[in-house]
1. Quick check: anything in segment 91-99 at negative phi, surrounded by fewer than 13 Cβ atoms within 10 Å (Cβ to Cβ) and not in a helix (DSSP H, G or I)?
2. Checking the condition in contact (Cβ under 8 Å) with a residue 12 or more places away in the chain, small (Gly, Ala, Ser) and open to solvent by 60 Å² or more (accessible area, probe 1.4 Å), which residue from 193, 234, 257, 198 passes?
3. Every residue in segment 201-210 that is open to solvent by 20 Å² or more (accessible area, probe 1.4 Å) and at negative phi, please.
4. Return the only residue of 35, 18, 11, 4 being among the acidic types (Asp, Glu) and open to solvent by less than 50 Å² (accessible area, probe 1.4 Å).
5. Please verify whether residue 48 is touching a strand residue (DSSP E or B) at 6+ places or on another chain (Cβ under 8 Å) and not small (Gly, Ala, Ser), treating the condition exactly as stated.
6. Please specify each residue of segment 146-159 satisfying the condition of being open to solvent by less than 10 Å² (accessible area, probe 1.4 Å), in a helix (DSSP H, G or I) and either out of contact with any strand residue (DSSP E or B) (no Cβ under 8 Å at 6 or more places or on another chain) or among the hydrophobic types (A, V, I, L, M, F, W, C) (or both).
7. Determine if segment 226-239 includes at least one residue that is over 17 Å from the mean Cα position of the chain (by Cα) and charged (D, E, K, R).
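The values are calculated or read from the model by the stated rules, or taken from the named source; none is laboratory data. What you see is a predicted model; the values in this text were computed from it and never measured. Here the Cβ positions follow ideal geometry from the backbone for every residue, glycine too, while neighbour counts run over all protein chains shown. Remember, those area values only see protein heavy atoms, side chains included, never the ligands or the DNA or RNA. Shrake-Rupley method; radii C 1.70, N 1.55, O 1.52, S 1.80 Å.
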Amino acid sequence: MSSEPEIYLREMGLSEYEAATYVGLLRGGTSTAKEITSLTGVPQSRVYDVLDSLNAKGFVVVQEGRPKKFGPVDPNQAVSQFRDFKRREHVRKLDEIQGLGNDFLDAVEEADYGQERDDEVDISWSYPNRHHILEKLERLADSATDEMLMITTPESFERIANHHAELLGEKAEAGVGIRALVSDERDLDPAVGDRVAGMMELRFVQDIRGRLYTYDGENVLLAFKAPNDDGYVGISTTSPHLYATLSQLFDLLWDDGEPMS
């Protein structure tokens, strides 16, 4: 039966064997792989893979020698390093999504599907400029009943706030939770800050790439720079699974964000 510390580690994202191994090292101290197997019950055939994974995630340090020994990282440091690991992992996934989005656009262009599509029931759809992206964001916001999450740049955030202020205000009054993460590359226009105050929570973070907007647990729109006349392309899709992954990324960045003063 798992101990309480192991349960929390599992909820953080470690596997059963990883959680058992780290807690075992906290109890027993620096140990060899054979000793860890005896201490934790992790099969000998798996223990090295588990230790390598824990080392990559920031929970274990390796002492070279014959045999190798493995020591537990201080829990406070381990939690901090694991958050950094997860943040890098989610940023990498976001970059992969952008790359796949580019491949998707190339495939659609080569297939030449034409223009007769039903935009109201789209599974995946591309928008070739800022105007169409704003229109789609407005439709998604208008249909939202629970939650809106945004990861964006000052320029794009100001454009949304200026164009959709009334709609966002109505949604906030109706109880829709709105949170925005904005790149801190420059200060927001003070008038925009005043306009959104009271209708959403706003935090600032570093190194935002692309623009990501999610709604109500399933609707996602990703916008990024592209080599077209307008310079931007947006891709929207309806996927609870993708939404779950991206909302985890959002929460990690949100925890490290600086609130709007």
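1. Taking every residue of segment 91-99 in turn, none turns out to be at negative phi, surrounded by fewer than 13 Cβ atoms within 10 Å (Cβ to Cβ) and not in a helix (DSSP H, G or I).
2. On the way: 193 fails: open to solvent by 60 Å² or more (accessible area, probe 1.4 Å); 234 fails: open to solvent by 60 Å² or more (accessible area, probe 1.4 Å); 257 fails: open to solvent by 60 Å² or more (accessible area, probe 1.4 Å).
None of the others qualify; the one that does is 198.
3. Initial filter on segment 201-210 (open to solvent by 20 Å² or more (accessible area, probe 1.4 Å)): 201, 203-204, 206-209.
Answer for segment 201-210, where residues must be open to solvent by 20 Å² or more (accessible area, probe 1.4 Å) and at negative phi: 201, 203, 204, 206, 208, 209.
4. 18 is the lone residue from the list that is among the acidic types (Asp, Glu) and open to solvent by less than 50 Å² (accessible area, probe 1.4 Å).
5. On the way: touching a strand residue (DSSP E or B) at 6+ places or on another chain (Cβ under 8 Å): no; not small (Gly, Ala, Ser): yes.
No, not satisfied.
6. 157
7. yes
Let's see how each residue does on (1) open to solvent by less than 10 Å² (accessible area, probe 1.4 Å); (2) at pLDDT below 90:
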position	(1), (2)
144	yes, no
166	no, no
175	no, no
221	yes, yes
